[in-house]
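Colleague: First, the structure itself, so that you have it in front of you.
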Amino acid sequence: MRTLIISDVHANLTALQAVLDEADPFDRVWCLGDLVGYGPDPNECIDRIQSLPGLKCIKGNHDAAILGEIDVKSFNYEARASLEWLVTKLSPANKCWLLGLEERLEFDEITLAHGSPRNPVWEYVMELSIARENMSAFDTQICLVGHTHIPCIFKMDGEAADSTHLYLVQPDTPFSLEQKSIVNPGSVGQPRDHNPLASYLIYNDEEDEPWVYHRVAYDIDQVQKRILAAGLPPRHASRLEEGW
Ligand code: ZN
């Protein structure tokens, strides 16, 4: 079974479609939240993601904020501006669909959480110390997280959580994960590792080395124009070409 893993689409339909086109064929999709916020295509992205095969999708902090589950004052000024714009755009049906999403899912050998397994909607697993503290917060071998928009792997090299180390990833290079790991696929719609290409992860359980990262180019200029035309903060447009 070939699984497409995506996160932090952030209402960027052009990046999402580029990922879906390149990743095809896939049997199922795991989406790690933040479908909306920042970008110009919130309803289109939710509609497209809902239509994907075998979908398992969880809620991110931007999704929770638009539902009133997180105080928008906890966001920075520009993220808040896009949330206020989104309130006027999100269709009632899509709002209802977001409301039904879980904050965390656990099945087979996989846990899905947007932020971290112990604090699924809000905590960033960016630092090694935070990753080590989170290793006891999930029972499966793998926990997939998003939220930082940076593709990376925190992997235990021994039995204890303090044996965890950070591994940066190489696109198009298959690998296996025998130890307990927290794995971040990076962001589809707003990468923040100084690489503007949309990021995603494939898990194919029929391969000896089942995991592989990919990056794909998309028409950034077209998305930037739609962001500006929508009246969203200009920095949401400019940061896309810098991958930050
Ligand atoms: Zn995000």
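The values are calculated or read from the model by the stated rules, or taken from the named source; none is laboratory data. Computed from a predicted structure; not experimentally measured. Here Cβ is always computed from backbone atoms with ideal geometry, including for glycine, and neighbour counts include all displayed protein chains. To get the accessible areas, we keep the full protein, side chains included, count just its heavy atoms, and leave off ligands, DNA and RNA. Shrake-Rupley method; radii C 1.70, N 1.55, O 1.52, S 1.80 Å.
Colleague: The conditions are (1) within 16 Å of the ligand (Cβ to nearest atom); (2) closer than 18 Å to Ala11 by Cα; (3) of a type outside the set (Asp, Glu), and Val87 fails exactly one of them. Which is it?
Modeller: (1)
Colleague: Exactly one of these conditions fails for Tyr124: (1) more than 23 Å from Gln190 (Cα to Cα); (2) open to solvent by 30 Å² or more (accessible area, probe 1.4 Å); (3) modelled with pLDDT of 95 or more. Give me its number.
Modeller: (1)
Colleague: Select from region 176-196 the residues that are hydrophobic (A, V, I, L, M, F, W, C) and surrounded by fewer than 20 Cβ atoms within 10 Å (Cβ to Cβ) and list them in ascending order.
Modeller: Correct list: Leu177 only.
Colleague: Name the single residue, out of those in region 119-146 being away from the ligand (no atom under 16 Å from the Cβ) and among the polar types (S, T, N, Q), that is farthest from His10 (Cα to Cα).
Modeller: The selected residue is Ser136.
Colleague: Give the residue, chosen from Ala65, Ala79, that is within 16 Å of the ligand (Cβ to nearest atom), touching a Ser or Thr at 6+ places or on another chain (Cβ under 9 Å) and at pLDDT below 95.
Modeller: Ala65 is the lone residue from the list that is within 16 Å of the ligand (Cβ to nearest atom), touching a Ser or Thr at 6+ places or on another chain (Cβ under 9 Å) and at pLDDT below 95.
Colleague: To continue, here is another question. Only one residue in Ala64, Ala79, Ala93, Ala11 is over 28 Å from Asn119 (Cβ atoms) and small (Gly, Ala, Ser). Which one?
Modeller: Unique residue meeting the criteria: Ala93.
Colleague: Since Asp108 meets every condition but one in (1) at pLDDT 95 or above; (2) surrounded by fewer than 21 Cβ atoms within 10 Å (Cβ to Cβ); (3) farther than 29 Å from Arg239 by Cα; (4) of a type outside the set (Phe, Trp, Tyr), which condition does it not meet?
Modeller: Checking Asp108 against (1) at pLDDT 95 or above; (2) surrounded by fewer than 21 Cβ atoms within 10 Å (Cβ to Cβ); (3) farther than 29 Å from Arg239 by Cα; (4) of a type outside the set (Phe, Trp, Tyr), the one that fails is (1).
Colleague: OK, next. Go through region 160-241 and tell me which strands (runs of 3 or more DSSP E), entirely inside it, have 3 or more residues that are under 23 Å from Asp21 (Cα atoms) and out of contact with any helix residue (DSSP H, G or I) (no Cβ under 9 Å at 6 or more places or on another chain).
Modeller: Per the criteria, 198-204, 211-216.
Colleague: Okay, next question. Got a sec? Which helices (runs of 4 or more DSSP H) wholly within region 11-92 have at least 3 residues that are over 19 Å from the mean Cα position of the chain (by Cα) and of a type outside the set (Gly, Ala, Ser)?
Modeller: 77-89
Colleague: What number goes with the only condition from (1) assigned to a helix (DSSP H, G or I); (2) in contact with a Phe, Trp or Tyr (Cβ under 7 Å, 6 or more places away or on another chain) that Gly115 does not pass?
Modeller: For Gly115, the exception is condition (1).
Colleague: Do you know which residues across region 31-49 are open to solvent by less than 10 Å² (accessible area, probe 1.4 Å) and within 10 Å of the ligand (Cβ to nearest atom)?
Modeller: Selection gives Leu32, Gly33, Asp34, Leu35, Val36, Gly37.
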